[in-house]
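In what follows, a structure is listed as structure tokens, so that the remarks can point back to it.
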Amino acid sequence: MSEAALASPEDMAEARAAAPVIEARDLNLVFQTADAPVHALKDIDLSVRRGEFVSFIGPSGCGKTTLLRVIADLERPTSGTITVNGMTPDEARRARAYGYVFQAAALYPWRTIEKNIALPLEIMGFARAERESRVAAGLDLVGLTGFGSKFPWQLSGGMQQRASIARALAFDPDLLLMDEPFGALDEIVRDHLNAELLKLWAKTDKTIVFVTHSIPEAVFLSTRIVVMSPRPGRIHEVIDCDLGPDRPLEIRETPEFLMIAHRVREGLRAGHGYED
């Protein structure tokens, strides 16, 4: 009898919790263009553990969104391996292992907020009562209770993005992928949503992978920061962000925060020194 067959349910649960949610090894992606091949990702090695908040940061064109899209099976790597919850990205997508939040809220303007949030549940065949229960819980989770009957155009940009997050979480995935969800918002709204996202992460215990251009945002939100370099896109450095779970906005003025931000900035500068 195999060791796996002898393992108790508790041991199997512990092994699953210890296994990486995302694991990439020697990952490369080359886009074929009319002029010449574009090496978008090169030799990516990365592990993301369960419950982490990992941010990808780097200059435009460094491949951070492309890497997120590879995780989500929206792009296919040219070589190397990647697993999501122990599955291929294609299997993880079919198993609805993750929710995806895009740069724009991408809400259907003819559907109310609650119907936008319910859309993936409708597609997945959830019963009406279960859909209504999950939508109500999602609205509460993102602070939009009472706004479910509104249409997207009746809400601010920040509220629309919160609805987008609720939609991504409606079917309770373990993993949340977020592609610069607050990049187009003003600084005051962005600060508020950063704080709210940390509260949501603490409540749900999800694993979050987050793309950003902002050093303060990356340091404020993350447990680890993946600094990427361009030409071609690769991981220059992975920086631990050990600021603890309690992070008021004022933490950005502390020496510990500024020290990590300085290290990220230096990593970005050093990453620009790569030669292909």
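Can you tell me how the stretch 151-206 classifies by the Cα gyration tensor, rounded, prolate or oblate, using a/c under 1.5 as the rounded cut? Can you show the working numbers first?
Values: a/c = 2.01, a/b = 1.35, b/c = 1.49.
It is oblate, given that a/c is not under 1.5 and a/b is not larger than b/c.
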Next on the checklist: Test of understanding: ordering HIS39, HIS236, HIS262 by Cβ neighbours within 10 Å, fewest first, what list do you get?
Outcome noted: HIS262, HIS39, HIS236
Checklist outcome for this item: A student applying the Cα gyration tensor rule (rounded when a/c is under 1.5; otherwise prolate if a/b is larger than b/c, oblate if not) would label the stretch 60-169 oblate
Next on the checklist: Helix-only mean residue ellipticity at 222 nm, the chain, DSSP H runs n ≥ 4 weighted -39,500 (n - 2.57), per residue, nearest 500. What is it?
Outcome noted: -12000 deg cm²/dmol
Checklist entry - Given the options ILE260, ILE188, ILE235, which has the most mean-square fluctuation in a GNM of the chain, springs set between C-alpha atoms less than 10 angstrom apart? => result ILE188
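Cut-off is 10 Å between beta-carbons; in what order do LEU74, LEU27 appear when sorted fewest neighbours first? It would help to have the intermediate numbers written out before the result.
Values: LEU74 15, LEU27 22.
Ordered by Cβ neighbours within 10 Å, fewest first: LEU74, LEU27.
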Next on the checklist: What distance in nm lies between label points placed 7 Å from Cα along the C-beta direction at ALA270 and ASP240?
Outcome noted: 1.6
Checklist entry - Which lysines does LYS203 reach when only Cα atoms under 30 Å apart count, and residues fewer than 8 places away in its own chain are ignored? => result LYS64, LYS115, LYS150
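Once fully extended, how much extra length lies between HIS213 and LEU119, figured as 0.36 nm per residue of separation less the alpha-carbon to alpha-carbon distance?
Numbers: separation 94, 0.36 × 94 = 33.84 nm, distance 2.98 nm.
Computed gain between HIS213 and LEU119 is 30.9 nm.
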Checklist outcome for this item: Assertion target for CYS62, CYS241, ordered by fewest C-beta neighbours within 10 angstrom first, is CYS241, CYS62
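Residue separation times 0.36 nm, minus the C-alpha to C-alpha distance between ARG111 and ALA95: what's the value?
Numbers: separation 16, 0.36 × 16 = 5.76 nm, distance 2.59 nm.
Taking ARG111 through ALA95 to full extension adds about 3.2 nm, to one decimal.
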Next on the checklist: Once you order the gyration tensor axes a ≥ b ≥ c over the Cα atoms, which shape class does the chain get: rounded for a/c under 1.5, otherwise prolate or oblate by comparing a/b with b/c?
Outcome noted: rounded
Checklist outcome for this item: The set of residues whose placed amide H lies less than 5 Å from the amide H of LEU41, leaving out same-chain residues fewer than 5 positions away, is LEU29, GLY233
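Values in this text are rule-based calculations from the coordinates and carry no lab data. For clarity, every value in this text was computed on a predicted model and none was experimentally measured. Neighbour counts run over all protein chains shown; Cβ positions are idealised from the backbone, glycine included.
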